[in-house]
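One structure is given below, encoded as structure tokens.
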Amino acid sequence: PETITVQELANRMAERAPNVIKALMKMGVMATINQPIDADTAELVVEEFGHEVKRVSEADVLEGLGGSEDKPEDMVSRPPVVTVMGHVDHGKTSLLDALRATDVVAGEAGGITQHIGAYQVQMASGDKITFIDTPGHEAFTAMRSRGAKVTDIVVLVVAADDGIMPQTVEAIRHARAAEVPVVVAINKMDKPGADPNRVRQELLNHELVVEEMGGDVLTVEVSAKQRLNLEKLEEAILLQAEIQDLKANPEREAEGTVIEAKMEKGRGSVATVLIRRGTLKVGDIFVAGTEWGRVRAMIDDRGNRIEEAGPAYPVEILGFQGTPQAGDDFVVVDDEAKAREVAGYRQRKEREALAVKSARGTMEQMFAKI
Ligand code: GDP
Ligand code: MG
């Protein structure tokens with residue numbers, strides 16, 4: 001059932017909380033400032049103060065906010081989005097750096113690159129792959145816990161001289177839970193102790209049956225250090241992507257996911273957003289989690305200011321009113337009024353949830369003392 005805390009109710013009426021508590025008392029309801037009260041009681045209080053009652057349901061607020069279906073004929077192939085995972089020191093960062101250097105476009109332009117949390121590589125064939133540039137299981141888990149599914153493929157890095165280690169197993173578990181297929185990069189092939197077949201054998205113990213053993217898991221032997229077989233790894237990723245038939249409608253208002261967000265001196269709140277579908281344009285008004293804004297400028301992973309960004313493209317966005325969180329859903333809306341309404345509604349919801357939690361905490365403390 002819908003509830004509101006005494007404090008929040010007071011805020012919305014621009015009244016002092018003690019006065020609201022007094023009004024409640026007159027009605028025979030004993031409440032503390034952080035206590036949630038039901039909507040019917042709240043309505044009586046609002047009338048008592050001579051305000052007009054306006055109940056807004058969640059459905060009203062969120063109506064028309066993204067999520068609408070695309071027609072099959074509008075769907076166009078899009079690049080895969082890849083996350084690199086694996087045991088510490090097996091070469092995730094090295095591999096991400098090496099893969100980034102395979103980009104033919106950056107190569108031509110002289111290769112000024114920016115760290116914005118994700119980057120896109122264009123291969124000589126013209127095919128593109130988007131890599132999330134924050135390796136590690138935490139980011140992956142944090143995003144998933146916020147309901148975001150950004151990754152199409154996990155590249156599991158396993159050092160050929162070390163084999164499957166605890167965090168490798170953890171990564172396999174994450175990928176499986178998220179139902180994301182795995183491509184295995186057997187790294188450090190340049191090292192004397194490299195034993196790729198042992199890695200393949202060990203993968204079997206974790207229900208990853210590699211192609212060489214009759215399964216469907218692709219493995220590629222690479223060396224991030226010597227930049228060996230990186231194109232082969234990219235081809236394996238594209239093959240895996242082809243099986244998934246990844247498509248999106250670029251001709252609609254944009255939706256995406258926040259990959260990274262921070263407050264920067266002189267720039268305000270900036271966030272990297274990975275577009276899921278549609279095309280984002282400078283000037284668009286958006287909501288991201290509890291925040292909203294208007295796209296003031298967009299910067300890509302090569303440091304270029306751009307006017308538009310389509311599916312699977314990562315862009316840094318300036319123009320946020322506040323700092324969103326990694327994993328937040330990003331949706332373009334019609335106008336500022338809608339953006340404010342949705343963000344405001346979510347902020348209130350968040351405050352209420354926190355208040356309920358702390359009220360519960362206080363109650364538990366009280367009972368613990370008895
Ligand atoms: P991460 O913890 O998984 O991100 O691993 P790093 O990329 O930081 O690499 C850990 C160490 O392994 C560093 O000293 C790298 O230089 C080294 N390393 C990474 N890839 C290779 C490789 O292909 N060959 C060799 N010999 N060393 C590598
Ligand atoms: Mg690292």
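For the reader, a short list of remarks on this structure follows.
- Scanning the stretch 173-223 for residues that are within 16 Å of ligand 2 (Cβ to nearest atom) and under 27 Å from the mean Cα position of the chain (by Cα) yields a single hit, 185.
- Residue list for the stretch 81-106, filter: among the β-branched types (Val, Ile, Thr), closer than 17 Å to residue 184 by Cβ and more than 9 Å from ligand 1 (Cβ to nearest atom): 82, 83
- Residue match in the stretch 275-298 (condition: within 30 Å of residue 97 (Cβ to Cβ), touching a residue at least 60 places away in the same chain (Cβ under 8 Å) and within 18 Å of the chain's Cα centre (by Cα)): yes
- Residue satisfying all of: in the stretch 82-130; away from ligand 2 (no atom under 16 Å from the Cβ), at pLDDT below 95 and of a type in the set (Asp, Glu); surrounded by the fewest Cβ atoms within 10 Å (Cβ to Cβ) among these: 108
- Meets criteria (within 16 Å of ligand 2 (Cβ to nearest atom), surrounded by 15 or more Cβ atoms within 10 Å (Cβ to Cβ) and either within 30 Å of residue 192 (Cα to Cα) or at pLDDT 75 or above (or both)) for residue 152: no
- Yes/no for residue 133 being more than 16 Å from ligand 2 (Cβ to nearest atom) and among the charged types (D, E, K, R): no
- Checklist (1) at pLDDT 95 or above; (2) of a type outside the set (Asp, Glu); (3) away from ligand 2 (no atom under 16 Å from the Cβ) applied to residue 141, failing item: (1)
- Matching entry among 139, 148, 175 (being assigned to a loop (DSSP other than H, G, I, E, B), in contact (Cβ under 8 Å) with a residue 60 or more places away in the chain and not acidic (Asp, Glu)): 148
- Some residue of the stretch 242-258 being surrounded by 16 or more Cβ atoms within 10 Å (Cβ to Cβ) and either more than 30 Å from residue 339 (Cα to Cα) or out of contact with any strand residue (DSSP E or B) (no Cβ under 8 Å at 6 or more places or on another chain) (or both): no
- Options 41, 5, 32: the member that is in contact with a Pro (Cβ under 7 Å, 6 or more places away or on another chain), more than 30 Å from residue 242 (Cα to Cα) and away from ligand 2 (no atom under 16 Å from the Cβ): 5
- Test: residue in the stretch 54-68 that is in contact (Cβ under 8 Å) with a residue 12 or more places away in the chain and surrounded by 21 or more Cβ atoms within 10 Å (Cβ to Cβ): no
- The stretch 290-306, subset in contact with a helix residue (DSSP H, G or I) (Cβ under 7 Å, 6 or more places away or on another chain) and either within 15 Å of residue 255 (Cβ to Cβ) or basic (Lys, Arg) (or both), residue surrounded by the most Cβ atoms within 10 Å (Cβ to Cβ): 292
The values are calculated or read from the model by the stated rules, or taken from the named source; none is laboratory data. Keep in mind the model is a prediction, meaning the values are calculated, not measured. Virtual Cβ from ideal backbone geometry, glycine too; neighbours counted across all protein chains shown.
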